[in-house]
1. If contacts are Cα pairs under 8 angstrom and at least 6 residues apart, what is the relative contact order of chain A in percent?
2. Specify which residue in the list A:198, B:19, A:105 is farthest towards the positive end of the charge dipole of the protein assembly as shown, using unit charges on the beta carbon of Lys, Arg (+1) and Asp, Glu (-1), about the Cα centre.
3. Straight-line reach only, C-alpha to C-alpha below 20 angstrom: list the aspartates and glutamates that residue B:188 could link to, leaving out same-chain residues fewer than 8 apart.
4. Give me the distance in nm between label points sitting 7 Å out from Cα along the Cα-to-Cβ direction at residue A:151 and residue B:138, one decimal.
5. With a Förster radius of 25 Å, plug the Cβ-Cβ distance of residue B:226 and residue A:271 into 1/(1 + (r/R0)^6) and report the FRET value to the nearest 0.05.
6. Give the peptides A:194-206, A:74-86 in descending order of average Cβ contacts within 10 Å, highest first.
7. Can you tell me the orientation of helix A:2-11 relative to chain A, as the angle in degrees between its alpha-carbon axis and the longest Cα principal axis, to the nearest 10?
8. Which one of B:167, B:110, B:76 has the biggest mean-square fluctuation once chain B is modelled by GNM with Cα springs under 10 Å?
Amino acid sequence: MNNMSISLSYTYKGVCIYAEYNRGCISTTTYDLIHIGRSLATKLNVTLSVIIIGSNINKTITQDYINIGVDNLYICDNTLLYEFQDNIYSDILLRMIQIICPEILIFSATSRSIPLASIIAAKLYTGMTSNCISLDIDIKTRNLQQFTEDMKTILTPYHRPQIVTLRAKIFNKIRVKCKANRIGKIVKLPIDVNNNIFNKIKAINFTKYKVDNIFKDLSTAEVIVSVGRGVRTYKIFQLIKEFVMIINGKLGASKGIVDLGWVPYSCQIGETGISVNPRLYIACGISGHKQHTIGINSSSTIVAINIDPNCYMMQIANFALQGDLGEIITEFIKQLKKHN
Amino acid sequence: MNKIVICIKHIHNIGINYFDLYALEEGVQLKEQNQDNSKVIVFTMGPRGSESTLRTAISKGADEAYLLTDDKFFKGSDTIATSYILATAIKLLVGQYKIIICGKKTYDSGTEQVGPAIATMLNIPHVSYVREIKSINQRRLTVERVVDDGYETIRSSLPVLLTVTNGVHKPRIASIKSKLLARKANIKIFNAYDLDINTSKIGLYGSPTQVVSLYTKKKKLKKKFSGSARYIVSSFIKQFNNSI
Ligand SMILES: Cc1cc2nc3c(=O)[nH]c(=O)nc-3n(C[C@H](O)[C@H](O)[C@H](O)COP(=O)(O)OP(=O)(O)OC[C@H]3O[C@@H](n4cnc5c(N)ncnc54)[C@H](O)[C@@H]3O)c2cc1C
């Protein structure tokens, strides 16, 4: 094992990020990943590379990335790669990784990137940890400490690269230090158009979620915003829906709002509705009667927004935001939009 | 004959993993639609006790069941090692197949990697998070999958591996009669030696990832915010982002 780890540290160096690019758009999580990757690379005293695969890759983002701390950009740009397709992208990505030989490879924990990362881990037979919530480095061993939601610390001691998928921040507001006209290297790679994977699999249609999707699949949702009678007006209710869309959540409600007909019964949370177990539950103007809270007991983190600091929901919340719901939601939308 | 392979996981004290019920149902429905003597073959890798989960699968329509178990060599395998064991067994014991179906993730560890990793090791394409098989013939299929921002329709050649989410077909409830029959069904058991597997790549020591510690959750946070809306929101976001 010792020989193995010594040779590993010679061959594999640097931190590498896969930036998800689909249908002409870069994933909004990329800044987050670069920010984290930069700090790991600085601690290890190595370079930070970013890989982008797609079609018509925007020139301004590449210089942007260099300005915020990326040293090398590896790009594969071809019209055949317009739709993200993990089975197709994986061959290109693997070639790039063989050139870069990074010790750490970070993906964002999204429904597109997780399967792609899994293919790479399987091809290289190396360790991969999904859905990490944070990362740190042990400088001496150069091992990446991978912290998961279920409270584990995972290492990949003898295999490289160490692959992780990292969960996006729910309230994404990171500002990265920026240096104009920083120098970086851009490497462009061609694709192999004769690869027969192009005949095997193809994305033929895509339908983006509509607003009413926020009412679906609450029982498996990770982030739920729930409305109660404290919403008072339909206008504020509409603002809450906008907020839900921004943070990629689902909408739940107390009985009072379901009775008004603003939200379907399938979204009623509590004794006579459904039970939910999200990572984050945001109760907007809900007082916290037992018939409601019985449905949210297994939420990991509860945020309450309420004008009354003494109501039960504010007592049980991990974060209690005291104030007028309409004002606070308006402010959330303003601050989160500023970044995206 | 068309072989439909389903990979399922047994979860201690619970039984069959939630999403694997949907994988099984999708496979059994394919068999029933086709009427061309298709066969549903289930695999699980895990401790001896996983046998009960295979019996559950048989009671819900599976035809054959394989238990891959080995206290010495399989125990402690991480997801990549587990995928390697399953892929090796499928290659050896099934040979030709039309489709492989897995649940999108497990409830206990939830890594979401096993499906795509098995497909990669078997050198076939895969589609993750499928909610519906729209059409299928001898050469290819069309499926709809769920992604973070919408639904995507994918066409793939066969054989293919799918990972499924809780989609359009609700898992069936087994009848008393089929439960009784499943109790007597033959479960085929294989260990590392039977599969001729490279044991340096699996188990507690061969697995690439190692769990080094469980950290305890910081004492449940209790933070209060008041003042102007602008102050409340910006200080909340800062503290929330730092809390995990
Ligand atoms: C048999 C039975 C079954 C039930 N089942 C369910 C169930 O499944 N689910 C369920 O939810 N309920 C259920 N209920 C109803 C339950 O008892 C409560 O009546 C209900 O949950 C209260 O809803 P609420 O919190 O939205 O409204 P309220 O209790 O009226 O609370 C409104 C809250 O909004 C706050 N507020 C007011 N104005 C503002 C403002 N400007 N800004 C911020 N906050 C403000 C108030 O301080 C208050 O805390 C059931 C009741 C019975 C009898």
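No lab work stands behind these numbers, since they all come straight from the coordinates. Bear in mind that the values here come from a model prediction, so they are computed numbers and not experimental data. Cβ: placed from backbone, ideal geometry, glycine included. Neighbour counts: every protein chain shown.
1. 13 percent
2. A:105
3. Reachable aspartates and glutamates: B:20, B:51, B:63, B:64, B:70, B:71, B:196.
4. Distance between label points: 5.6 nm.
5. Details: r = 31 Å, r/R0 = 1.23.
Efficiency at R0 = 25 Å is approximately 0.25.
6. Order by mean packing, descending: A:74-86, A:194-206.
7. Taking Cα atoms only, the helix is inclined about 90 degrees.
8. B:110
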